[in-house]
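Engineer: Sharing a structure, written as structure tokens. Questions coming.
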Ligand code: F0G
């Protein structure tokens, strides 16, 4: 049987691909949909997690970036640029390296996790840290790319949304139906826009006969869509979604309204509790921003908004290893050190 690797080959008929589009891939996509058995039992719902942290650079951004970079190459571009809280820059840097493009990334100084910064550097991107936040970085990048011969690869580039929608296809392929609810963290709001587009197109193609409700979750200190106005100084432990003025706001609001969904805020405490619980009860390690989807579902279920036994898919957008410092900060100090003897070890166990 012919193997088709990566989203461009696997979902070609749903993507803006021509015979001139390069077959770029790092084998992104085809990530596992994992049943969360103990959380399902605890919450009285049927919960799955879409583990996007298993993409080649460790986040969902690879799906959109492979498409955006392939189209940039097709159009003859030599340089790509993005603003990023870290994952977009890691993906841009990797696919630019593979395609032989120059890659420039703008990041908010001091607010990007260690793993993401390391990725952008090792893949050979030109990393510029600004003394400002993501929203300011994106403004600068939009301004520069509008005037210079540089391709913008943030999710305002429509090819990003096209690539990212393939995750909705995969969920429906596995479930052989749409879930009742798709729960997703929201930052710049590109991904919720992409999933909704994906669900609608798959239904249109006759792959299922219904659509999910879209539930978006923001961190409480960075929740412009929940509170209805931009947040000038967004704050949250979940640096990936530390965004105060989402570029794809309209797409998100459309998805929420058309799907009869909802948007809500979860606190940093709720995010970290969900993050730890998912890792220690299901064996799935995601980054804090991703856990906003789990925290949000726990909150909504407690408030009676989610029906008994509803099939819920939480999108886990990034891998926990991106941000090891947050995991370590959940314990006090370091693991206890004892002499290298059987007795000393046993004394700690019993
Ligand atoms: N989860 C993670 C791990 C992210 O990195 C992001 C966005 C989101 C959720 C939110 O997705 O922006 O489409 O609503 N990260 C961007 C970046 C902003 O630069 O990596 P969104």
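The values are calculated or read from the model by the stated rules, or taken from the named source; none is laboratory data. This structure is a prediction, so every number in the text was calculated from the model and none was measured. Every residue, glycine as well, gets a Cβ built from its backbone with ideal geometry; the counts of neighbours run over all protein chains shown.
Engineer: Need pairs with beta-carbon distance below 6 Å; first residue over 15 Å from residue 65 (Cβ atoms) and within segment 11-26, second modelled with pLDDT under 95 and exposed (fewer than 11 other Cβ atoms within 10 Å of the Cβ); sequence gap 6+ or separate chains.
Structural biologist: Sorted first by the residue in segment 11-26, then by its partner, the list stays empty.
Engineer: Report yes if some residue within segment 6-14 is part of a helix (DSSP H, G or I), closer than 19 Å to residue 275 by Cα and under 22 Å from the mean Cα position of the chain (by Cα); otherwise report no.
Structural biologist: no
Engineer: To continue, here is another question. Look through segment 91-122, keep the residues that are closer than 17 Å to residue 55 by Cα and in contact (Cβ under 8 Å) with a residue 40 or more places away in the chain, and return whichever of them is surrounded by the fewest Cβ atoms within 10 Å (Cβ to Cβ).
Structural biologist: Residue satisfying both the conditions and the ranking: 98.
Engineer: Mind checking which residues of segment 310-322 are more than 9 Å from the ligand (Cβ to nearest atom) and over 19 Å from residue 260 (Cβ atoms)?
Structural biologist: Result: 320, 321.
Engineer: Go through segment 320-350 residue by residue and tally those that are touching a residue at least 40 places away in the same chain (Cβ under 8 Å) and within 13 Å of residue 114 (Cβ to Cβ).
Structural biologist: Result for segment 320-350: 8.
Engineer: Kindly indicate which of 294, 306, 263 is in contact with a strand residue (DSSP E or B) (Cβ under 7 Å, 6 or more places away or on another chain), at pLDDT 95 or above and more than 15 Å from the ligand (Cβ to nearest atom).
Structural biologist: Going through 294, 306, 263 in turn, the sole match is 306.
Engineer: From the list 166, 193, 145, which one is more than 13 Å from the ligand (Cβ to nearest atom), in contact (Cβ under 8 Å) with a residue 40 or more places away in the chain, surrounded by 24 or more Cβ atoms within 10 Å (Cβ to Cβ) and under 24 Å from residue 69 (Cβ atoms)?
Structural biologist: Just a single option satisfies the conditions, and that option is 166.
Engineer: Moving on to the next point. Out of the residues in segment 200-225 meeting the condition of being assigned to a helix (DSSP H, G or I) and away from the ligand (no atom under 13 Å from the Cβ), tell me which one is nearest to residue 169 (Cα to Cα).
Structural biologist: Top of the filtered list is 202.
Engineer: Looking only at segment 226-247, which residues are farther than 19 Å from residue 299 by Cα, within 11 Å of the ligand (Cβ to nearest atom) and part of a loop (DSSP other than H, G, I, E, B)?
Structural biologist: Scanning segment 226-247 gives 242, 243, 246, 247.
Quick grid of which residues meet (1) buried (at least 21 other Cβ atoms within 10 Å of the Cβ); (2) more than 25 Å from residue 322 (Cβ to Cβ); (3) at pLDDT below 95:
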| site | (1), (2), (3) |
| --- | --- |
| 2 | no, yes, yes |
| 6 | yes, no, no |
| 12 | no, yes, no |
| 58 | yes, no, no |
| 78 | no, yes, no |
| 82 | yes, no, no |
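Engineer: While we're here: Residue 301 versus (1) under 20 Å from residue 54 (Cβ atoms); (2) in contact (Cβ under 8 Å) with a residue 24 or more places away in the chain: which is the lone unmet condition?
Structural biologist: The failed condition is (1).
Engineer: Restricting to segment 172-199, name every residue that is more than 28 Å from residue 268 (Cβ to Cβ) and part of a helix (DSSP H, G or I).
Structural biologist: Passing the criteria: 172, 173, 174, 175, 197, 198, 199.
Engineer: Would you confirm, using the coordinates I've provided, whether residue 178 is within 16 Å of the ligand (Cβ to nearest atom), in contact (Cβ under 8 Å) with a residue 24 or more places away in the chain and in contact with a helix residue (DSSP H, G or I) (Cβ under 7 Å, 6 or more places away or on another chain)?
Structural biologist: Taking the combined requirement at face value, the residue does not satisfy it.
Engineer: Turning to a different aspect of this structure: Could you figure out which of (1) out of contact with any helix residue (DSSP H, G or I) (no Cβ under 9 Å at 6 or more places or on another chain); (2) part of a loop (DSSP other than H, G, I, E, B) isn't true of residue 344?
Structural biologist: Only one criterion is unmet by residue 344, namely (2).
Engineer: For segment 255-268, give me each residue that is outside any helix (DSSP H, G or I) and surrounded by 24 or more Cβ atoms within 10 Å (Cβ to Cβ).
Structural biologist: The answer is 266, and nothing else.
Engineer: Let me ask you something else. Could you check, for segment 95-113, whether at least one of its residues is more than 14 Å from the ligand (Cβ to nearest atom) and within 20 Å of the chain's Cα centre (by Cα)?
Structural biologist: Within segment 95-113 (the criterion being more than 14 Å from the ligand (Cβ to nearest atom) and within 20 Å of the chain's Cα centre (by Cα)), the answer is yes, since at least one residue qualifies.
Engineer: Looking at 252, 291, 274 in this structure, which one is outside any loop (DSSP other than H, G, I, E, B), under 18 Å from the mean Cα position of the chain (by Cα) and free of Cβ contacts under 8 Å to residues at least 40 places away in the same chain?
Structural biologist: Just one listed residue meets the conditions, 274.
Engineer: Let me ask you something else. Against the conditions (1) within 16 Å of the ligand (Cβ to nearest atom); (2) under 17 Å from residue 173 (Cβ atoms), where does residue 65 fall short? Just the number, please.
Structural biologist: All conditions are met except number (2).
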